[in-house]
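Quick notes on the structure that follows.
The values are calculated or read from the model by the stated rules, or taken from the named source; none is laboratory data. Treat the numbers as computed from the prediction; the structure is a model and nothing was measured. For neighbour counting, all protein chains shown are included, and Cβ atoms are generated from backbone atoms with ideal geometry for every residue, glycine included. Remember, those area values only see protein heavy atoms, side chains included, never the ligands or the DNA or RNA. Shrake-Rupley method; radii C 1.70, N 1.55, O 1.52, S 1.80 Å.
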Amino acid sequence: MIRALKKYLFLVSTILLALHTAQAQTGNKYIRKGNDLYKKQQYADAEANYKKALELNGKSVEGNYNLGNSMYSQKRFDAARKEYDSSMKLTSSKDVKADANYNIGNTYMEAKNWEESIRSYKNALKLDPRDEEARYNLAYAQAMLKNQQNQQNKDNKDNKDKKDQKKQDQKQDKDKQQQPKDQDKDKKDQDKKDQQDQRPQPQPSKMDKQQAERMLEALSQQEKNLQDKMKKVKGQPVQTDKDW
């Protein structure tokens, strides 16, 4: 649970009134009016008066800080943060800086920017270690940051698991698509082999006894004729068209 915004409103002392110029005094009048309207929860009207005061005295710590409060109460957290920053730059007061840091932490808390809110609460505690509200909000922001980091780690793991599962599913789908093709190829190869096995194979030629005898007689006659020719043309080789 977030603790309430520090709603401390600066009151202009009689000493400051004596030291300020007439213009500053007019600005203070608007600050006082703005404070009254703020207490009545008329935040927009209070804002208008704080802005009038700053038009007359832009270096007013009170004007910037209280303007930040009026903007915060209207849930304009980014704008409020700028006014708190301005008030810190214009003052040397540790109390003002501590409260401004606390409220800046709250603006970041509203945006769920836990890291920045933690930084602001720590700054507030450095300036005012007794601030229990800052300590409480710091612990809350740290717990929320840890939860956020744990959730991010879980989401990252879930996303990785989903991606890995998707890749696995895609691989399985691809394998299923390829499997029928491989089976078809194997079937075609087997059919081709079967066809080759079924084709008539060349058989060795068979020769009967009479054919063999006739061939031998023919060969014998060819050899006799060749020897006769060799005798006639002795010394000259005779070319034949067969190898013996």
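Values for this structure:
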| read-out | value |
| --- | --- |
| Average accessible surface area per residue within the range 69-129, 1.4 Å rolling probe, Å² | 48 Å² |
| Highest to lowest packing among 117-130, 94-107, 160-173, scored as the average C-beta count within 10 Å | 94-107, 117-130, 160-173 |
